[in-house]
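Chemist: The structure follows.
The values are calculated or read from the model by the stated rules, or taken from the named source; none is laboratory data. All values derive from a computational prediction rather than experimental measurement. With ideal geometry, Cβ positions are generated from the backbone for all residues, glycine too; neighbour counts draw on all protein chains shown. When the accessible area is computed, the model is the full protein with side chains, heavy atoms only, and any ligands, DNA or RNA have been set aside. Shrake-Rupley method; radii C 1.70, N 1.55, O 1.52, S 1.80 Å.
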Amino acid sequence: MGRVGVMMSANGYHIPVMASEVCSWLELIPEGIYVDATFGGGGYSEALLKTAPGCQVLAIDQDPDVLPLAQKLKEKYPDRFDFIQGNFSQLDTLIPYHQHGHIQGIVFDLGVSSHQVDHGSRGFSFQKEGPLDMRMSQQGQTVGDLIETASEGHIADILYHYGQEFRARKIARRIVENRNKSSITSTLELRRIIHSAVGKKVGKIDSATKSFQAFRIYVNDECFALKSALEQVLGLLAPKGRVVIVSFHSLEDGIVKTFFKESDSKKGQGFLEVLTKRVITPSEEEIQNNPRARSARLRAASRTLVPFSSVHKEGDQ
Ligand SMILES: C[S@@+](CC[C@H](N)C(=O)[O-])C[C@H]1O[C@@H](n2cnc3c(N)ncnc32)[C@H](O)[C@@H]1O
């Protein structure tokens, strides 16, 4: 099986991070069935399809913007690739029931894609003018809705818990003072308000960074989605099947680390053998070529033979 080049962004949607490492930690087998739980620009899906000729890839993403790319990949690999739009918190129902227990590998590349960040209209970036949106699925409550209606205390809690922002109360107070005068509707407006509360920078970092991260994690319910997906992975993987997770901030990595510890064959319930004793980070070369890779953290584990009986909801077949 061939090695995959690190820079594979033919479509300009997203440069895959640690694609070679992902393929090698998945220990691909030619006829395996793999799940790419975060399709994005399709970089991992394509890497898997190319590296393990004969394998099947089932890809998931909640963002309808990926549909044209998924369609293109389907045309290229009609018998080996399928795409399902949905939230990976519902892996159990998204993946056909007859494949449960037969998946050789599942990969998660958490967070947002470059496409989502770079398109101001999606509202993820404090560097681009756009509406206060930040919904990956393009459905449900926007950050604008949240800021308009949440109490000052709730806003402060979100900033503190999901952004680890120690000046959460100051920022929340300033947001509420401003919204009482007129609605806060744009990304740059929110950034100005945060700057007016706590200054423009913390060292070299824009002081809106943590708040934007916190609002994004909250409106997309990212921690819940990750926790529930990881739990479901145990019932989906074949014995010796692998799960590989690339995360980009300490909250996500903490969830993965705790889950691995609890499921570990030596210290926990015995469902997983943890393969990465220490977290794996990208090479200096990759970071130079793709600065967005710099905070990536990869962890991998292998399913043991210990049976896992997930509780299926009524209506599941
Ligand atoms: C970092 S990008 C993945 C990039 C991809 N690995 C590639 O090489 O192009 C993350 C993608 O996961 C999707 N995503 C994040 N959370 C999700 C969830 N809970 N359910 C489904 N998709 C999710 C986002 O919409 C985004 O497209």
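Chemist: Residues being within 17 Å of the chain's Cα centre (by Cα), surrounded by fewer than 17 Cβ atoms within 10 Å (Cβ to Cβ) and away from the ligand (no atom under 13 Å from the Cβ): count how many of those fall in the range 51-106.
Modeler: Adding up the residues that qualify gives 0.
Chemist: Quick check: anything in the range 244-252 at positive phi and modelled with pLDDT under 95?
Modeler: Looking for residues that are at positive phi and modelled with pLDDT under 95, one finds none in the range 244-252, hence no.
Chemist: For the range 271-281, how many residues are in contact (Cβ under 8 Å) with a residue 24 or more places away in the chain and open to solvent by 10 Å² or more (accessible area, probe 1.4 Å)?
Modeler: Step one: filter the range 271-281 for residues in contact (Cβ under 8 Å) with a residue 24 or more places away in the chain, giving 271-276, 279-280.
Add one more test, that the residue is open to solvent by 10 Å² or more (accessible area, probe 1.4 Å), and what stays is 271, 273-275, 279-280.
So the answer is 6.
Chemist: Among the candidates Gln164, Gln116, which residue alone is surrounded by fewer than 16 Cβ atoms within 10 Å (Cβ to Cβ) and within 24 Å of the chain's Cα centre (by Cα)?
Modeler: Only one candidate passes the filter, namely Gln164.
Matching residues to (1) at pLDDT below 95; (2) among the polar types (S, T, N, Q); (3) open to solvent by 10 Å² or more (accessible area, probe 1.4 Å):
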{"position": "Asp206", "(1), (2), (3)": "no, no, yes"}
{"position": "Phe215", "(1), (2), (3)": "no, no, no"}
{"position": "Ser265", "(1), (2), (3)": "yes, yes, yes"}
{"position": "Gln269", "(1), (2), (3)": "yes, yes, yes"}
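Chemist: Among Glu286, Glu273, Glu262, which is within 27 Å of Ser114 (Cβ to Cβ) and in the same structural domain as Phe39 (by TED's automatic domain parsing)? Walk me through how you get there before you give the answer.
Modeler: On the way: Glu273 fails: within 27 Å of Ser114 (Cβ to Cβ); Glu262 fails: within 27 Å of Ser114 (Cβ to Cβ).
Within the list Glu286, Glu273, Glu262, the selection yields Glu286.
Chemist: From Ser121, Ser125, Ser137, grab the single residue that is assigned to a loop (DSSP other than H, G, I, E, B), surrounded by fewer than 16 Cβ atoms within 10 Å (Cβ to Cβ) and of a type in the set (Ser, Thr, Tyr).
Modeler: Exactly one of Ser121, Ser125, Ser137 is assigned to a loop (DSSP other than H, G, I, E, B), surrounded by fewer than 16 Cβ atoms within 10 Å (Cβ to Cβ) and of a type in the set (Ser, Thr, Tyr), namely Ser137.
Chemist: Among the candidates Ser302, Ser247, single out the residue that is in contact (Cβ under 8 Å) with a residue 24 or more places away in the chain, open to solvent by 10 Å² or more (accessible area, probe 1.4 Å) and of a type outside the set (Lys, Arg).
Modeler: Ser302
Chemist: Continuing with this model, one more query. Within the range 246-257, identify whether any single residue is assigned to a strand (DSSP E or B) and not hydrophobic (A, V, I, L, M, F, W, C), and answer yes or no.
Modeler: Yes, the conditions are met somewhere in the range 246-257.
Chemist: Now a separate question. Can you name the condition, by its number, that Pro16 falls short on among (1) without any contact (Cβ under 8 Å) to a residue 12 or more places away in the chain; (2) within 11 Å of the ligand (Cβ to nearest atom); (3) part of a loop (DSSP other than H, G, I, E, B)?
Modeler: So Pro16 meets the others, but not (1).
Chemist: Assuming Val22 fulfils every condition listed in (1) surrounded by fewer than 19 Cβ atoms within 10 Å (Cβ to Cβ); (2) part of a helix (DSSP H, G or I); (3) within 9 Å of the ligand (Cβ to nearest atom) apart from one, which condition is it?
Modeler: Among (1) surrounded by fewer than 19 Cβ atoms within 10 Å (Cβ to Cβ); (2) part of a helix (DSSP H, G or I); (3) within 9 Å of the ligand (Cβ to nearest atom), Val22 violates only (1).
Chemist: In this structure, is Ala47 part of a helix (DSSP H, G or I), buried (at least 22 other Cβ atoms within 10 Å of the Cβ) and not β-branched (Val, Ile, Thr)?
Modeler: yes
Chemist: If you don't mind, there's one more thing I want to ask. Pick from the range 140-161 the residues that are open to solvent by 70 Å² or more (accessible area, probe 1.4 Å) and either polar (S, T, N, Q) or within 16 Å of the ligand (Cβ to nearest atom) (or both): which of them is farthest from Ser183 (Cα to Cα)?
Modeler: Result: Gln141.
Chemist: State all residues of the range 190-201 that are within 27 Å of the chain's Cα centre (by Cα) and exposed (fewer than 15 other Cβ atoms within 10 Å of the Cβ); if no residue qualifies, say none.
Modeler: Across the range 190-201, the qualifying residue is only Lys201.
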